[in-house]
1. May I ask you to list the residues in the range 4-24 that are touching a Lys or Arg at 6+ places or on another chain (Cβ under 7 Å) and at pLDDT below 90?
2. Name, by its number, the condition in (1) crowded, with 20+ Cβ neighbours inside 10 Å; (2) over 30 Å from residue 140 (Cβ atoms); (3) in contact with a strand residue (DSSP E or B) (Cβ under 9 Å, 6 or more places away or on another chain) that does not hold for residue 307.
3. Condition (residue is of a type in the set (A, V, I, L, M, F, W, C), more than 16 Å from residue 220 (Cβ to Cβ) and under 25 Å from the mean Cα position of the chain (by Cα)) applied to the range 322-342: is it met by at least one residue?
4. Of all residues in the range 257-302, which are loosely packed, with under 15 Cβ neighbours inside 10 Å, at pLDDT below 90 and under 18 Å from residue 129 (Cα atoms)?
5. Return the total of residues in the range 196-217 being in a helix (DSSP H, G or I), within 23 Å of residue 309 (Cα to Cα) and over 19 Å from the mean Cα position of the chain (by Cα).
6. Here are some residues: 79, 27, 39. Which one is more than 30 Å from residue 265 (Cα to Cα), in contact with a Pro (Cβ under 7 Å, 6 or more places away or on another chain) and either modelled with pLDDT of 90 or more or surrounded by fewer than 16 Cβ atoms within 10 Å (Cβ to Cβ) (or both)?
7. State whether one or more residues within the range 189-203 are without any contact (Cβ under 8 Å) to a residue 24 or more places away in the chain, of a type outside the set (Phe, Trp, Tyr) and in the same structural domain as residue 241 (by TED's automatic domain parsing).
Amino acid sequence: MDIILHVADDLILDRAWARLLPVSAFTTATSNAAGLYNTSSHVPVVASHSSAWSQLISHIPHPPLPDELLTSPLVASETIASAWPRDYLPRQIISVFTLTLVGIHVLYFLFAYLSYKYIFNHEMMKHPRFLKNQIKLEIQSSLKAFPLMILLTLPWFMGEIRGYSKLYDNVEDYGWGYFFFSIFFFLVFTDYCIYWIHRWEHHPICYKWLHKPHHKWIIPTPFASHAFHPLDGYAQSVPYHLFIYLFPLHRKLYLGLFIFVNFWTILIHDSDMITGHPLEKVINGPAHHTLHHIYFTVNYGQYFTWADRMGDSYRQPQSELDPLLEVKAAEAKKAKVALGKEQ
């Protein structure tokens, strides 16, 4: 997240914050500006000719302003900087929340739409258990969950930005061997953690109010990938954030893995039941997760099948379990009924 924040500051946010909370709203560039401004009490000095917006925001708290800004002749005539610098915590929190909210919408709609258009079998929408207006409901559920999920995730992001994680920048710090090993380690660690979180969410104590909203989509589309109760979605995301506080991970690699996680989450919700591929017994793919949505208590894993095998919750995808067979059977029944009426 710190990479995204830094790039966004360079491209957009520095200018946006300078317009929203300009230094000129808090001080006037007179010869005695530095003397008039009380840097210890953070009380602003606003010129009598300040705009209505400047007067409105002039009482917003901010850190002490540098002397060079207080005495600059440019401050009175134009916005050169924001009174909230890049490292000011309230600015970082608002910026990260905004960037994450925009980013999750972009990733969700982009990947879900591509999966829906090019991978998802639209015949599945004829399934007897496919809900009326289901795609609309899936999208509404996702959009409703995003804001609270992001608020809950903010402490993890802020800890990362403030330097408390074990993210590193130089591959040489740990070597290329660890760089590639950390990819596998990240996937195994998060997969095992999510397995137990997911399985716990199926416990009767919390299933009905926490995880059942996601199982409303028995025949899911890619748009169901993020259609969780906010606490459910957050709980299953915790291992991804926890990892970088326990183990070193390259900063850019973490960003790439985070994008991959969102893509994979969408991919396994396409109700696909293609079976017989070589990695089927190792990789927990769309077919495995389709069975999870149909039978509820099998295939809790995210990427691999080993945790389900160890936990005795694994179910092997088989062609005869394909929900598309129910679609064809329902259509055949309708055709038979229609033919009978004609006769």
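The values are calculated or read from the model by the stated rules, or taken from the named source; none is laboratory data. Model, not experiment: these values are computed from the prediction. Neighbour counts are summed over all protein chains in view; Cβ atoms, including those assigned to glycine, are modelled from backbone coordinates with ideal geometry.
1. Pass one, the range 4-24, residues touching a Lys or Arg at 6+ places or on another chain (Cβ under 7 Å): 9, 17.
Once the filter is applied, which keeps residues that are touching a Lys or Arg at 6+ places or on another chain (Cβ under 7 Å) and at pLDDT below 90, the range 4-24 yields only 17.
2. Against the list (1) crowded, with 20+ Cβ neighbours inside 10 Å; (2) over 30 Å from residue 140 (Cβ atoms); (3) in contact with a strand residue (DSSP E or B) (Cβ under 9 Å, 6 or more places away or on another chain), residue 307 comes up short only on (3).
3. From the range 322-342, those of a type in the set (A, V, I, L, M, F, W, C) are 324-325, 327, 329-330, 332, 335, 337-339; that's our starting set.
If we keep only those that are more than 16 Å from residue 220 (Cβ to Cβ) as well, we get 325, 329-330, 332, 335, 337-339.
From the residues that got through so far, the ones that are under 25 Å from the mean Cα position of the chain (by Cα) too are none.
No, every residue in the range 322-342 fails to be of a type in the set (A, V, I, L, M, F, W, C), more than 16 Å from residue 220 (Cβ to Cβ) and under 25 Å from the mean Cα position of the chain (by Cα).
4. none
5. Step one: filter the range 196-217 for residues in a helix (DSSP H, G or I), giving 196-201, 204-211, 214-216.
Checking which are within 23 Å of residue 309 (Cα to Cα) leaves us with 196-201, 204, 207, 211, 215.
Now narrow it down to the ones that are over 19 Å from the mean Cα position of the chain (by Cα): 196, 199-201, 204, 207, 215.
Adding up the residues that qualify gives 7.
6. On the way: 79 fails: either modelled with pLDDT of 90 or more or surrounded by fewer than 16 Cβ atoms within 10 Å (Cβ to Cβ) (or both); 27 fails: either modelled with pLDDT of 90 or more or surrounded by fewer than 16 Cβ atoms within 10 Å (Cβ to Cβ) (or both).
Result: 39 is the single residue among 79, 27, 39 that is more than 30 Å from residue 265 (Cα to Cα), in contact with a Pro (Cβ under 7 Å, 6 or more places away or on another chain) and either modelled with pLDDT of 90 or more or surrounded by fewer than 16 Cβ atoms within 10 Å (Cβ to Cβ) (or both).
7. Yes, some residue in the range 189-203 is without any contact (Cβ under 8 Å) to a residue 24 or more places away in the chain, of a type outside the set (Phe, Trp, Tyr) and in the same structural domain as residue 241 (by TED's automatic domain parsing).
Yes/no per residue for (1) free of Cβ contacts under 8 Å to residues at least 12 places away in the same chain; (2) at positive phi; (3) in a helix (DSSP H, G or I); (4) not assigned by TED's automatic domain parsing to the domain that holds residue 167:
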| position | (1), (2), (3), (4) |
| --- | --- |
| 235 | no, no, yes, no |
| 257 | no, no, yes, no |
| 270 | no, no, no, no |
| 277 | yes, no, no, no |
| 294 | no, no, yes, no |
| 299 | no, yes, no, no |
| 315 | no, no, no, no |
| 333 | yes, no, yes, yes |
